[in-house]
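Trainee: Sharing a structure with you now.
The values are calculated or read from the model by the stated rules, or taken from the named source; none is laboratory data. Just so it is clear, the model here is predicted, and its values are computed rather than measured. FYI the Cβ positions are ideal-geometry reconstructions off the backbone, even for glycines, and counts take in every protein chain you see.
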Amino acid sequence: MHTICYVSSARSNITQDELTHLFDFTVENNTLMNITGILLYESGKFLQVLEGEESLLKKLFAKIEVDSRHSNIFVILNKKSMYNIFADYASGFSIVKTKEELASIESYLDQIEDAPNVKYIKGILEPFLL
């Protein structure tokens, strides 16, 4: 099990249609590859947590790094993990579009607060909850 978490800046002229396509593709692709996690977009910023088999995540992240829809990628976490935090959350991979969905993730993380990396990920989500 491996976890990659990053933030990035969306391209300034990204359209709602592009975001919708990205969200749909992300859920479908990550589910097929048994990758769990979340993708959040707010105020021109992306936050993504990816969990899965290390070689798959490295290949996926190499594609993410050259995706022209965003820039200024900052990797927050890239390490082996003993626990798949989002495996049981909303079918494994979720797009977070509303404050209510974000609050739902926070509530879910509160239930598994003893798992490794949970406090770290909650800290990263904190600014998005404001």
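Trainee: So which of 44, 37 ends up being at positive phi and surrounded by 20 or more Cβ atoms within 10 Å (Cβ to Cβ)?
Mentor: The conditions single out 37.
Trainee: Given the condition among the small types (Gly, Ala, Ser), modelled with pLDDT of 90 or more, in a helix (DSSP H, G or I) and over 21 Å from residue 105 (Cβ atoms), answer yes or no: does some residue in the range 1-21 qualify?
Mentor: no
Trainee: What's the number of the only condition in (1) surrounded by fewer than 12 Cβ atoms within 10 Å (Cβ to Cβ); (2) modelled with pLDDT of 85 or more that residue 69 fails to meet?
Mentor: (1)
Trainee: Could you list, in sequence order, the residues of the range 79-114 that are closer than 26 Å to residue 21 by Cα, assigned to a strand (DSSP E or B) and either at pLDDT 65 or above or touching a Ser or Thr at 6+ places or on another chain (Cβ under 8 Å) (or both)?
Mentor: 93, 95, 96
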